[in-house]
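Engineer: Could you have a look at this structure, given as structure tokens, before my questions?
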Amino acid sequence: MHGLYVEEHGDGEPLLLLEGLGQAAWAWRYQVPIFAERFRTLVYDQRGTGRSQVPDEPYGIRELADDAAEILGGRSAHIVGFSMGGYVALMLALAQPELARSLVLAGTGAGGPGRVPRPSHVRDAFENALGLPPEEFGRKTMPYTFSPGWPESHPERFEEILAARLEHPTPDVTIEAHVAACYRFYAEGVEVERVEAPALVVHGEVDMIVPVENGRALAQRLPNARYVEFAGHGHNLMLENPQLFNSHVLDFLPSSLARDC
């Protein structure tokens, strides 16, 4: 599995967590202890991040979905995908629908010609920060992943998240590879109308990374979706407001289980 670092916590139905571009398992720090009380929660560092190997060969969203399938090892699971992790979840649900019992798709979209890109000043800020030392890169870019003013009003939480990110910094080569994978996904898009699994789509109203129009469109296109929009929230929903995020996920999963019975 390309030297991937994987952890499993708790017992019960498998629940797989897929983080966003450049993130590693630390992104789920406020979810794993809660979800593991009810589910066998699987979390891992995506290719090139955290404690996982940095690959030499090129890869895209399809290969990242293959990684997720290998980790599941044939187990049908509930899958929570955030941002790029949502692209991976959708690709996995289409390629191997038997593995996806349900989907939670947060701060993500389906790509394709209808995609609404992030504002140009946000894109420029990330591109200009590439090559900076990891802490400086994080301080210059992470504020865009929260709602305006959140880092200033939650300085201790912001520093805690930054410290977790810096424990095993993501190298520039991985960020560039993830960006390239995402842009290929944007260009191609996926036929989400063919996704059979019940889905919960959640999105922040003021998301500056994946604008909210993408989440609204994704929910409309999915055959069996529930949509929740977090007013006044940014991109990193599970880090910005873990209590609200966790409650919506856990409220959704029992109902998706009931539909399977």
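Where a number appears in this text, it was derived from the coordinates with a stated rule and is not lab data. The shown structure was predicted, so the numbers you read here are calculated from the model rather than taken from an experiment. Glycine gets a Cβ as well: all are built from the backbone with ideal geometry, and neighbour counts include every protein chain shown.
Engineer: Given the options Ala225, Val173, Gly109, identify the residue whose Cα lies farthest towards the positive end of the charge dipole of the range 106-261 (+1 on Cβ of Lys, Arg; -1 on Cβ of Asp, Glu).
Structural biologist: Highest projection toward the positive end goes to Ala225.
Engineer: Moving on to the next point. If you build the convex hull over the alpha carbons only and average its shadow over all orientations, what do you get for the range 88-150? Give it in nm² to one decimal.
Structural biologist: The Cα convex hull of the range 88-150, projected and averaged over all directions, gives 6.6 nm².
Engineer: Near the amide H of Arg226, under 5 Å away, which other amide H atoms are found, from residues 5 or more places off or on another chain, if H is placed in the peptide plane?
Structural biologist: Placed amide hydrogens put Ala199, Leu200, Val201 under 5 Å from Arg226.
Engineer: In whole Å, what three semi-axes, largest first, describe the equivalent ellipsoid of the range 164-219 built from its Cα gyration tensor (square root of 5 times each eigenvalue)?
Structural biologist: 26, 16, 12
Engineer: While we're on this one: Report, by chain and number, residues whose modeled amide H sits under 5 Å from the one on Ile209, excluding near sequence neighbours (fewer than 5 apart, same chain).
Structural biologist: HN-HN under 5 Å from Ile209: His235.
Engineer: Follow-up. Taking other Cβ within 10 Å of each residue's Cβ, how do Met84, Met91 sort, fewest first?
Structural biologist: Met91, Met84
Engineer: While we're looking at this one, here's another question. Would you kindly work out the equivalent ellipsoid of the range 193-245 from its C-alpha gyration tensor and give its semi-axes, the square roots of five times the eigenvalues, largest first in whole Å?
Structural biologist: They are 21, 12, 8 Å, listed from largest to smallest.
Engineer: Shifting gears a bit: Report which label in (1) 1.08; (2) 1.01; (3) 0.92 holds the value of Cα Rg over 2.2 N^0.38 Å derived from the coordinates of this structure.
Structural biologist: From the options (1) 1.08; (2) 1.01; (3) 0.92, the structure gives (3).
Engineer: For Asp45, Asp66, Asp124, which order do you get if you count the other beta carbons within 10 Å of each Cβ and list the fewest first?
Structural biologist: Ascending Cβ contact count within 10 Å gives the list Asp124, Asp66, Asp45.
Engineer: For the residues Asp67, Asp172, Asp251, Asp56, what sequence is obtained by ranking on other C-beta atoms within 10 Å, fewest first?
Structural biologist: Asp56, Asp251, Asp172, Asp67
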